[in-house]
1. Under the condition of being part of a helix (DSSP H, G or I) and under 19 Å from the mean Cα position of the chain (by Cα), which residue from region 47-81 is surrounded by the most Cβ atoms within 10 Å (Cβ to Cβ)?
2. So is Ala258 within 22 Å of Leu93 (Cα to Cα), aliphatic (A, V, I, L, M) and surrounded by fewer than 16 Cβ atoms within 10 Å (Cβ to Cβ) or not?
3. Which of the following residues is at pLDDT below 95 and of a type outside the set (A, V, I, L, M, F, W, C): Lys232, Lys204, Lys225?
4. With respect to the numbered conditions (1) over 30 Å from Ile55 (Cα atoms); (2) crowded, with 18+ Cβ neighbours inside 10 Å, which one is the sole condition not fulfilled by Thr190?
5. Scan region 269-298 and report the pairs whose first residue is farther than 10 Å from Thr247 by Cα and whose second residue is acidic (Asp, Glu) and surrounded by fewer than 20 Cβ atoms within 10 Å (Cβ to Cβ), with Cβ atoms within less than 7 Å and a gap of 6+ or a chain change.
6. Note down all Cβ pairs under 7 Å where the first residue falls in region 146-160 and is at pLDDT 90 or above, the second is of a type in the set (D, E, K, R), and they're at least six residues apart or on different chains.
7. Which one of these is over 22 Å from Tyr278 (Cβ atoms) and either among the polar types (S, T, N, Q) or in contact with an Asp or Glu (Cβ under 7 Å, 6 or more places away or on another chain) (or both): Ser105, Ser73?
Amino acid sequence: MKFMIAFFGTLFCCLLVWCGLVFGQSGNPTRMSQWIWDAYKKKQNISSKIVTKKIVVVAGSNALFGVDSKIVSHAFKMPVLNYGVNAGIELPLTLYEAKKVIRSSDIVLMPLEFDMYSYDGTAGVQMIDYLFSREPSFFWELSLYEQFYMLWHMDVQRVYRGYFYRGGKRVVRGLYGSHHIDENGDQINTTLKYKKKWMEDALKKHMLNPEKYGESFDRNALGWKYLQKFVKWCKARDARVIFMPSTLMKSESYFRNAKEKWFYENLANEVRKKGFVYVGKPYEYMYDISNYFNTNFHLTNKARKMRTLQMVQDLKKII
């Protein structure tokens with residue numbers, strides 16, 4: 001009996017020490033999270049200068065690279081803010097950040113990356129890093145399962161970086177960051193002249209390893225609860241939410257594999273069953289490899305315009 005008490009007592013003390021170490025460095029900016037933070041801050045600054053109702057595009061980098069805001073703005077005679085940044089921070093944080101710029105009567109377009117619909121509470125490295133370094137208060141809005149998962153999967157190296165490897169200095173080089181974002185929130189410099197060999201190689205790897213979103217799809221995943229709360233929050237502010245397809249590099253498996261085919265053919269109906277509005281067909285937003293810049297979600301500048309015109313065509317059916 002004494003052994004059991006000593007064992008669990010020691011375990012509990014170790015847990016307290018670990019939690020102390022984790023929370024002791026929360027709020028300290030890391031370099032990994034810096035470009036995402038920079039991008040959101042720039043887009044929030046853009047939003048603050050828009051005084052009328054607007055269209056806000058909420059998603060990850062498929063929107064950052066794949067929406068031409070000027071085309072949408074011209075089509076609907078409204079200012080447009082491209083608020084897509086990085087799907088790596090995952091659905092809960094994406095929605096949390098979006099609330100910072102959505103105002104009354106806004107139209108919120110949500111071409112979410114397909115895996116966001118199956119978010120199950122298992123946070124990835126980027127979400128854990130971004131939350132603890134930039135939005136630590138959001139930790140307390142998560143479920144107990146998500147909180148425990150994050151604490152369990154926070155590695156020692158990440159805690160070390162939180163204490164001694166601080167960010168805070170704006171990213172001014174590289175592909176990602178506010179320095180490559182224009183006055184509408186769109187990514188710039190994605191024409192073919194900026195496409196490098198390593199980007200071509202990365203795309204070929206994606207071709208060999210297509211996504212399996214149909215296999216992992218869960219109509220009862222935790223992500224749906226976040227989406228329901230978000231849509232309810234928007235409705236309370238008279239903001240209209242419209243779900244749309246993400247873009248994704250075309251693969252034969254998406255048309256031939258039974259689970260993948262079912263997913264892309266039925267996602268719209270699954271979203272509508274939750275009481276949400278969904279326009280567009282996922283297959284119509286899939287393009288050949290030549291249209292992608294460096295990942296299977298990031299379009300070239302020319303393909304961005306093609307995708308945006310498809311969005312406008314679909315949106316005109318309901319706006």
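The values are calculated or read from the model by the stated rules, or taken from the named source; none is laboratory data. Predicted model, so just to flag it, every value in this text is computed and none were measured. Because the Cβ atoms are built from the backbone with ideal geometry, glycine has one as well, and the counts that use them run over all protein chains shown.
1. Step one: list which residues in region 47-81 are part of a helix (DSSP H, G or I), which gives 47-48, 61-66, 69-76.
If we keep only those that are under 19 Å from the mean Cα position of the chain (by Cα) as well, we get 47, 61-66, 69.
On the way: Ser47: 19, Ser61: 20, Asn62: 25, Ala63: 30, Leu64: 27, Phe65: 28, Gly66: 33, Ser69: 21.
Filtering region 47-81 for residues that are part of a helix (DSSP H, G or I) and under 19 Å from the mean Cα position of the chain (by Cα), the one surrounded by the most Cβ atoms within 10 Å (Cβ to Cβ) comes out as Gly66.
2. Numbers: within 22 Å of Leu93 (Cα to Cα): no; aliphatic (A, V, I, L, M): yes; surrounded by fewer than 16 Cβ atoms within 10 Å (Cβ to Cβ): yes.
Spelling it out, it is not the case that Ala258 is within 22 Å of Leu93 (Cα to Cα), aliphatic (A, V, I, L, M) and surrounded by fewer than 16 Cβ atoms within 10 Å (Cβ to Cβ).
3. Working: Lys232 fails: at pLDDT below 95; Lys225 fails: at pLDDT below 95.
On inspection, the qualifying residue turns out to be Lys204.
4. Unmet condition: (1).
5. From region 269-298, the pairs are Val279/Asp314; Gly280/Asp314.
6. What qualifies is Arg158/Asp129.
7. Numbers: Ser105 fails: over 22 Å from Tyr278 (Cβ atoms).
It is Ser73.
The rows are residues; the columns are (1) part of a helix (DSSP H, G or I); (2) surrounded by 16 or more Cβ atoms within 10 Å (Cβ to Cβ).
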| position | (1), (2) |
| --- | --- |
| Glu200 | yes, no |
| Lys205 | yes, no |
| Gly214 | yes, yes |
| Leu227 | yes, yes |
| Lys235 | yes, no |
| Asp238 | no, no |
| Pro245 | no, yes |
